[in-house]
Amino acid sequence: MTTKQAILALADGTTFEGVSLGATGESNGEVVFNTSMTGYQEILTDPSYVGQMICMTYPEQGNYGVNRADEESARPHATGFIARHHAVAPSSFRAEQGLHEYLASHGIVGISGIDTRRLTKHIRTVGAQMGVIATEGSAKALVERARSLPGMEGQDLATRISTPTRYEWREQGADAWTAAERTELTKPRFHVVAFDWGLKRAMLRLLAQAGCRVTVVPSRTTAAEARARAPAGVWLTNGPRAPAAGGGARETVASLLGKVPVFGICLGHQILALALGARTYKLKFGHRGANQPVKELATGKVDITAQNHGFAVDDASLGKRAEVTHVNLNDGTVEGIQVLDAPAFGVQYHPESSPGPHDARALFGRFVTMMEHAR
């Protein structure tokens, strides 16, 4: 691997010089940080990261390489990758490719060798902002390009990455180390319609393991079209967009409430809240990592959760149709809601835990129980 200089330039004029990682050229996006210690491949292939460049706070990246079994979608969606240090030669019997080669093969421009602690502290202070990573050009010119980029608010990114056609999913094995270890669900108990706003495969596999045959539908599917599939439940997936952006999602979900059990995750949780008349707002730097503490208010139980979001639900706007069930112990933001006049609930975090701890996986069982009671 040859070394080539790279520059990360932020819209506020801050710049970092390092070494090129992955493809050469230029990429741009919102610069955010993730505090997970492992799971860089699952993070890169999480569709929620479309339009974003990820700074990993853990200094060592690429140590175990990449492999097809760990992909959460068909390709990476992050536009850039930022690391303190990356392993040129990965050490793992599962490795099929190195991180540098993987990024290069997908045209993702990255940078390593910078002070990621400084970058993370800077984002925590000033907030997530637009940036550019490039292997050519002056720092001054790259800052100007970063300043000209549109922000994330108002962008309907989920529609751009949603499946264009409906498809069925029965594959199990969310924690399998190889694709060969995964099996197909042969006797499903429930049929679930999933709105694809940027879903992850581990979520589908856990629903299958819970006994669900899943029909994944495009993001702009109407409530009538979803109900025509005769589902036992509707699942609202994660995704990358600002929840208040267009697409008719809130109206669709509002039409489904009370007709069929509903479970929302991340963006799906936020759209569920919007369907109830609540508001959302952009966080200063978001929650991204596999170590976010969440408290269940009814029991006092604390789960360590995986998260990836830049927006949150305004609890004061929820009104009387829903109640807050979970809160983030770091900043007190809403992490879960329960609809009071319909079988529906949502959580801001990612219970599929890919990557991350398995504390919250019981929520898939809660969804199944809700469908059982609705029969």
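Listed values [x] 33; [y] 38; [z] 42 include one computed from this model; for percent of Cα pairs over 31 Å apart that value carries the label [x]. Shape of the range 157-374 from its Cα gyration tensor (a ≥ b ≥ c, root eigenvalues): rounded if a/c is under 1.5, otherwise prolate when a/b > b/c, or oblate? Verdict is rounded for the range 157-374. DSSP bridge analysis restricted to the range 5-147 gives an antiparallel fraction near 55%, rounded to the nearest 5.
Cross-link partners for residue 301 among the aspartates and glutamates, with Cα-Cα distance under 12 Å and sequence neighbours closer than 8 places in the same chain left out: 359. Within the chain, no whole DSSP H helix has Cα atoms reaching 24 Å or more along its own axis together with a mean Kyte-Doolittle score of at least 1.0. Rounded to the nearest 5, the antiparallel percentage of DSSP beta bridges internal to the range 242-375 is 85%. Here residue 320 is the anchor, and the lysines within straight C-alpha reach of less than 21 Å, apart from those fewer than 8 places off in the same chain, are 259. Among 45, 56, 363, whose Cα projects farthest towards the positive end of the dipole of the chain, with charges put on the beta-carbon of Lys, Arg (+1) and Asp, Glu (-1)? The residue sitting most towards the positive pole is 363. DSSP beta bridges confined to the chain are antiparallel in about 60 percent of cases. When you restrict to C-alpha pairs under 8 Å that are six or more residues apart and normalise by the size of the chain, the relative contact order lands at 15 percent.
Straight-distance candidates among the aspartates and glutamates for linking to residue 140, with alpha-carbon spacing under 12 Å and chain neighbours fewer than 8 residues away dropped: 12. When the square roots of the Cα gyration tensor eigenvalues are ordered a ≥ b ≥ c, the ratio a/c for the range 192-236 is 1.5 or more and a/b does not exceed b/c, which makes its shape oblate.
Evaluated with a Cβ-only charge set (Lys, Arg +1; Asp, Glu -1), the range 234-375 carries a dipole of roughly 240 debye about its Cα centre, given to the nearest 20. Each helix, a run of at least 4 DSSP H residues, gives -39500 (n - 2.57); summed and divided by the residues of the chain, these come to -6000 deg cm²/dmol at 222 nm.
Here, each number is a calculation from the coordinates, and none is a lab measurement. Keep in mind the model is a prediction, meaning the values are calculated, not measured. Note that each Cβ is placed from the backbone with ideal geometry, even for glycine, and that neighbours are counted across all protein chains shown.
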